[in-house]
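The values are calculated or read from the model by the stated rules, or taken from the named source; none is laboratory data. Since this is a predicted model, take the numbers as computed values, not measurements. In this analysis, Cβ positions are derived from the backbone assuming ideal geometry, glycine residues included, and neighbour counts consider all displayed protein chains. Side chains are part of the model used for accessible areas, which takes the heavy atoms of the whole protein and leaves out ligands, DNA and RNA. Shrake-Rupley method; radii C 1.70, N 1.55, O 1.52, S 1.80 Å.
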Amino acid sequence: MALPAIGGGSAAAGTRDLDALEADWHGCVRAAHARQRPGQSRAGAQRNVLDECREHEDRLVAATMQEQAREDEAARRAGLPLAVRAGTWAASVAAYVVDPVTSWLQGWRGAPR
């Protein structure tokens, strides 16, 4: 699977690329959700949707990690301590990966059966 090249551009370009990948993933999730059979269990439908959109999610996670590696290297060169760099990385992963998945799953819990 080819991954988008993020490390070579500016931070703003990397953020735009991540935003586009996140939008693609959300689009896949919405489309896959719309195709689920109405009578199946919620957990089964969620697994099906996540399985169907795994490639989009993998691209988003890989690009996020690549962007964070670029930012970490820039911070290292700027002399920021490891603890600060680790906190920044964790916050970014939460913002681009964990929060969207959590939000989507919480939306399913509130949806009528």
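Looking across the stretch 31-61 at every residue that is in a helix (DSSP H, G or I) and out of contact with any helix residue (DSSP H, G or I) (no Cβ under 9 Å at 6 or more places or on another chain), the one that is farthest from Thr102 (Cα to Cα) is identified as Ala34. With respect to being at pLDDT 75 or above and open to solvent by 50 Å² or more (accessible area, probe 1.4 Å), Arg109 falls outside the description.
Close Cβ contacts (under 9 Å, 6 or more residues apart or on different chains) running from residues in the stretch 72-93 that are without any contact (Cβ under 8 Å) to a residue 24 or more places away in the chain and assigned to a helix (DSSP H, G or I) to residues that are surrounded by 13 or more Cβ atoms within 10 Å (Cβ to Cβ) and acidic (Asp, Glu) comprise Arg85/Glu71; Arg85/Asp72; Ala86/Asp72; Thr88/Glu71; Thr88/Asp72; Trp89/Glu71; Trp89/Asp72. Can you tell me which residue is most open to solvent (accessible area, probe 1.4 Å) among those in the stretch 34-55 that are under 21 Å from the mean Cα position of the chain (by Cα) and of a type in the set (Lys, Arg)? Of everything passing the filter in the stretch 34-55, Arg47 is most open to solvent (accessible area, probe 1.4 Å). Taking (1) without any contact (Cβ under 8 Å) to a residue 60 or more places away in the chain; (2) over 26 Å from Ala91 (Cβ atoms) in turn, Arg42 satisfies each apart from (1).
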